[in-house]
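Engineer: Here's a structure for you.
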Amino acid sequence: MPLVADGAACNNTSKVCRSVLAGQGTCIADNSDAAAYTTCQQAKNFGASCTPGFEDALCAGSDNANTTYCATAGASGVCAPKCF
């Protein structure tokens with residue numbers, strides 16, 4: 001599969017993001033206006049700003065168990081661990 005640069009259009013079946021991490025999706029619709037249009041995005045560390053509901057998968061440590069997410073913080077969000 002061809003590797004796609006950050007910010008470029010992607011999908012998870014025929015194009016793979018260059019910055020992909022094992023178990024972490026980086027091909028996402030990163031805002032409500034994107035609809036089905038997805039782009040490659042870099043992973044974010046804990047405490048980084050993010051868009052809740054759209055960039056959950058980008059928060060470092062995100063995995064199939066959904067242990068991290070983009071928590072609402074004021075008018076935006078921040079990558080944080082998910083408490084169970």
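The values are calculated or read from the model by the stated rules, or taken from the named source; none is laboratory data. Note that the structure is a prediction, hence the values are computed from the model and not measured. Heads up, the Cβs are rebuilt from the backbone with ideal geometry, glycines too, and the neighbour counts pull from every protein chain shown.
Engineer: Determine which single condition residue 26 fails, assuming it passes every other condition in (1) modelled with pLDDT under 75; (2) over 24 Å from residue 75 (Cβ atoms).
Structural biologist: (1)
Engineer: Could you please find all residues in segment 42-84 being in contact with a Ser or Thr (Cβ under 9 Å, 6 or more places away or on another chain), polar (S, T, N, Q) and at pLDDT 85 or above?
Structural biologist: 49, 51, 76
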